[in-house]
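Report on one structure; see the data block that follows.
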Amino acid sequence: MKLDRRLCWLGCFGLSLAWLSQTATAKEIGGTITTTLTIMENSVLVGDVTCAVESAPCIAFGAPDITLDLDGYAITGKADADTACSGGGVSTEIGIDVNGQNGAIIRGPGVVRQMRGFGIRLNNSSGGKITDVTASTTCFAGFYLNASSGYELEGNVSVRNGHMTNPCGGI
């Protein structure tokens, strides 16, 4: 009888461990970011992000085929809330940068705003998706695709992006 209970307990414990090892948890992001945060795994915002990074991207994809879920939160850069380009743009200050990584997914709802560069930049990348993201008040384009292809952009909003000295606007 004791042996049956031990085997049952051991079996349940083993199944629990197997189940836990198969559930992938995402890297949680929130608060203030002061140096570029390179994500190497699926990640999710767990609160608003204040981007205090100088002359570099706030969040960068460092691996292919990963997802960044904004989960209803905002990533706010250092640009002026009214004009975005007060003091001039800094093209390297990007909210979310996908550079040379294929299959990137950026999923809203969520907002990328007040970047002194681009809101979201896709550079030398392909085969990903951006859905339900609002890019607002960036000095350059809200969504910028350069040498990239095969991306699906769906349900996104771009408002008040670009500046008279950088008139690249929405997408």
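Just so you know, all these numbers are worked out from the coordinates, no wet-lab data involved. What you are looking at is a predicted structure, and each value in this text was computed from that prediction instead of being measured. A quick note on method: Cβ atoms are made from the backbone with ideal geometry, for glycine too, and the neighbour counts reach across all protein chains shown.
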Using the 10 angstrom Cβ neighbour count as an exposure proxy, how do Val98, Val111 rank, fewest first?
Val111, Val98
Using a cut-off of 15 Å between beta-carbons, work out the net charge of the residues near Thr36 (Lys and Arg +1, Asp and Glu -1, Thr36 not included).
+1
What number comes out for the charge environment of Pro109, summing +1 per Lys or Arg and -1 per Asp or Glu over other residues with Cβ under 12 Å away?
-2
How big is the Kirkwood radius of the range 26-159, worked out from every pair of different alpha carbons and given in Å to one decimal?
14.0
Taking the alpha carbon gyration tensor of the range 24-69, what are the square roots of 5 times its eigenvalues, largest first, to the nearest whole Å?
18, 13, 6
Please give the net charge around Ala135, taking every other residue with its beta carbon less than 11 angstrom from that of Ala135, where Lys and Arg add +1 and Asp and Glu add -1.
+3
